[in-house]
């Protein structure tokens, strides 16, 4: 069996190729074109690489493209900065140990508890590992079972969260899945990540469509409008930070 990360690299390339129209790069679509996206031959020509080589990449074969090839493919496929970075990360193919859920150092836990603003810490798999009372009042982390304290499960599989975010829910869900995809592809095949995706598929009717798009995005600050059952309509801005103690830990802080 091939490395699942090679398969994800191929799937990502294919998804970007199929979304890029010939018109976007100045190619006139002929009558015999069946799909709206580019052909493999066209991508290979634009990138200046062999067609067979490109096909092997899309098929998830065990080939290792050079950094110059990755950059050429990014230009050919008109990748965004986040997509280009993701393609580079997939091509590096680092050896990984099996995922182990992170532990939050005592000092970070105390920091989160000391904050007046809603704040929580999550890990690489987006498990919620620590939070303060202000965050618990909004998201109800303490009312969840330990294996359900995950921001993706909370957003996609809990009806209460859908109501909490109201009309904004669909766009937030799309953004979160794209951000998580950038992490998942690097852990493809790891049982803990495979299990999470299986749970998301079982618990969310929208997840499969969002996942199949294979969009990737970087984490960024933003704003959320909440329809809280007790607080009413609440507009909160948020930002995330990596912890120096363990870069796998992310601190999320919400503020008005």
Task: the stretch 48-141 shape via C-alpha gyration tensor axes, a/c threshold 1.5 - done: prolate
TODO: Sorted from largest down, give the three principal axis spans of the alpha carbons of the chain, whole angstrom values.
DONE: 59, 39, 31
TODO: Would you work out if the stretch 168-215 is rounded, prolate or oblate? Take a ≥ b ≥ c from the square roots of the eigenvalues of the alpha-carbon gyration tensor; rounded if a/c is under 1.5, else prolate when a/b is larger than b/c, oblate otherwise.
DONE: oblate
TODO: With r as the distance between the Cβ atoms of residue 114 and residue 244 and R0 = 22 Å, compute the FRET efficiency 1/(1 + (r/R0)^6) and round to 0.05.
DONE: 0.80
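Report, to two decimal places, the Cα Rg of the stretch 123-251 normalised by 2.2 N^0.38 Å (N = number of residues).
Dividing the Cα radius of gyration by 2.2 N^0.38 Å gives 1.03.
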Task: Shape category assigned to the stretch 4-92 from the gyration tensor of Cα positions, a/c cut at 1.5 - done: prolate
Open item on the list: Please rank 206, 102, fewest neighbouring Cβ atoms within 10 Å first, as an exposure proxy.
Closed with: 206, 102
TODO: Have a look at 221, 89, 213 and tell me which one the Gaussian network model of the chain (Cα, springs below 10 Å) gives the largest fluctuation.
DONE: 221
- [ ] Please determine, in degrees from 0 to 90 and to the nearest 10, the orientation of helix 191-203 with respect to the longest principal axis defined by the Cα atoms of the chain, where the helix direction is its Cα long axis.
- [x] 80 degrees
TODO: Round to a whole angstrom and tell me the spacing of the C-alpha centers of the stretch 22-89 and the stretch 151-197.
DONE: 28 Å
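Quick note: the coordinates plus some simple rules give every number you see, no bench work behind them. Here the structure is a predicted model, which is why all the values come from computation and not from measurement. Every residue, glycine as well, gets a Cβ built from its backbone with ideal geometry; the counts of neighbours run over all protein chains shown.
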